[in-house]
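What follows is a set of notes on a single structure, which appears directly below.
All of the numbers you see were taken from the coordinates with simple rules; none came from a lab. This one's a predicted model, so the numbers in the text were calculated from it and none came from an experiment. Note: ideal-geometry Cβ built from the backbone for every residue, glycine included; neighbour counts use all protein chains shown.
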Amino acid sequence: MKTNSVCKNCSQSFPIEPDDSSFYERMKVPPPTWCPECRQQRRYAWRNDRNLYRRNCDLCGKSTVAMYSPSKPFKVYCQPCWWSDKWDGAEFERDYDPDRPFFEQLADLQKVVPRIAMLGKNSVRSEYTNHSSDNKDCFMGSSNMSCENMMYSDFVISSRDSMDCMTIYSKAERCYQCINVDNSYQCQYCILMDNCTNCSYCYDVRGCVNCFLSVNLRNKSNVFLNQQLSKEEYQKKVAEFHLGSYKDRKKLYEQFLELLQGAIYKYSCIERSVNATGSYIFDSKNTAVAFDADDCENVKYVANVEGGVKDTMDSYRNAQKIELIYECHALIRAFNLKFCNVTYDVSHLEYCDNCFNSQNLFGCIGLKKGEYMILNKKYSPEEFKKLKEKIIVDMKARGEYGEFFPIKLSPFDLNETHVALFMPEKVEGKATTGTFGKETLQPEQIPDDIKDVTDDILKQALKCVTCGRNYNIVEPELAFYRREQIPIPRQCYPCRDAARIALRAPRQLFHRSCMCTLSHPQHTGQCPNEFETPYSPDRKEKIYCEACYQAEVV
């Protein structure tokens, strides 16, 4: 039977479905006391992959790039030192104290165990990439895998020579400001695009070549403002725009935003999936309230999960063979985990943080290879089981067990995390970090045309026109702008990133009706179909059901 509960954090009512209860019983956890949105906020508070700092490694003393500011109260090791044999997480073992709250003891352990400066491996000249691996010459990226020459991009796989892109599952090259784009070449300012070449300022286009300021296209070429032109006519139209000019690009972007309001939007981007609700879901089944999910089965309340995720609830940023997971963040190859943060190649873990290649752990931090350990102390299998059960009983009595880590234990300030990125209204005061007031070149002093920009700009501190934060231009970035005829951006990377997020469907669901009033075989006049969509009723987009969308677009 469906029940309703009241969130202890925001006091809003939220449902607990029968399938939810079955999953909680299977995982041997009590029902959550926070609503899905607040639970997601709590996980967001544990992820910072964009605010990076220079600090010295607390082991070797060398300067390193870190996701933790120098003001943080714990030790931070550079990647080579953290993975070395020079230290062992078991050195910091603690005995469990039944007279103290468990989270208080975990916080004490957190203060002494070294944290890894950046998460990544097998990369070359890519020290400013976080939660990334197998990259070459990448800069300021997060969740980039097997990429080359990628800059300022998030969640990009097997792509190269691109910048300011978001959510690319495969093979994008020479792309700029693209969102949910795959198998495409030399495209700019495109959203929802697959297998396209030389397209700019387009939405929902597939199999297209040479398209400009157009929406809802399939297998077209030489299309301008959704009008079919000859090759010569198309080239003449595009040539009217001075693409190297910031002023012209700004007008183009504003025209693109207006164009988006007239596009037809499918109620949600769900493809090749069965029994799915959410947005950007691919090749999945029994997937509910999911956002950015690929190759998933039996999952709910998840975001950014892909590569074989099964029987999982309330998780964020998981990839590659994930199964039987509840309330976790940043997992790779994991089985039977509860309430864990940043753990790879693990099984049977609870309340663990930054543990790898381990199994049967409870309340551990910074272990590289551990088994049957509690608070980083080794036990026999029998002792481990008995003490673990004792701790769970104590935690339940104090109301601690069954929830993710408290936000106050997060190693980041809230304005550094994905809370500021996806829920900025939850961050009090200034939601940005960085340097302010040190600019050496005002926005209006930057040459309008990229051809007039000299190498001297590499020495300048610029000022973001949106938040006022200082930022700079690096050499590979300038080379990219010159090659692709792109003017110098007047926004810093975080603000450009926030603008891209605003163009995607939000991570919420609303019950709505199809807006189609055209005549189709399935209906005459107003379409009667209803659905769950990430587009709220107060938005201006035209939202169609699957059948009406297929009839009009495909």
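Other residues with beta-carbon under 13 Å from the beta-carbon of residue 332 carry, at +1 per Lys or Arg and -1 per Asp or Glu, a net charge of 0. Above 19 Å lies some portion of the pair distances; for region 53-116, what is it as a whole percent of all C-alpha pairs? Counting pairs separated by more than 19 Å, the tail of P(r) holds 38 percent.
Computed over region 443-503, the percent of Cα pairs more than 15 Å apart is 50.
In this structure, the amide hydrogen of residue 16, modeled 1.01 Å from its nitrogen in the peptide plane, lies closer than 5 angstrom to those of 3, 4, 5, counting only residues at least 5 positions away or on a different chain.
In this calculation the C-beta distance from residue 472 to residue 347 is compared with R0 = 51 Å, giving a FRET efficiency of 0.70. The tail of the calculated P(r) for region 267-327 beyond 15 Å holds 29 percent of all Cα-Cα pairs.
Within the chain, DSSP assigns beta bridges of which about 15% are antiparallel (rounded to the nearest 5).
Each Lys or Arg adds one and each Asp or Glu subtracts one; over the other residues with Cβ under 13 Å from the Cβ of residue 243, this totals +3. Normalised size of region 510-552, defined as Cα radius of gyration per 2.2 N^0.38 Å with N residues, equals 1.09. The calculated FRET efficiency for residue 28 paired with residue 56, based on their beta-carbon distance and R0 = 41 Å, is about 0.40.
Can you return the aspartates and glutamates within cross-link range of residue 310? Criterion is Cα-Cα under 17 Å, with same-chain partners fewer than 8 residues away left out. Straight-distance partners of residue 310: 19, 20, 25, 283, 292, 294, 295, 297, 323, 327, 345. The residues packed around residue 310, meaning those with a beta-carbon under 15 Å from its beta-carbon, carry a net charge of -4 if Lys and Arg are +1 and Asp and Glu are -1.
On a per residue basis, the convex hull of the C-alpha atoms belonging to region 484-539 measures out at 156 Å³.
Spin-label pair residue 371-residue 426: with each label point 7 Å from Cα along the Cα-Cβ axis, the two points sit 3.8 nm from one another. Working from Cα pairs under 8 Å separated by at least six residues, relative contact order for the chain is 10 percent.
Spacing of the modelled spin labels on residue 124 and residue 517, each 7 Å from Cα toward Cβ, amounts to 6.0 nm. Note on region 358-430: Rg/Rh from C-alpha atoms, Kirkwood Rh, equals 1.13. In this structure, residue 436 and residue 242 have a Cβ-Cβ separation that, at R0 = 22 Å, corresponds to a calculated FRET efficiency of about 0.10.
Of the Cα atoms belonging to region 1-139, the radius of gyration and Dmax stand at 20.0, 58 Å.
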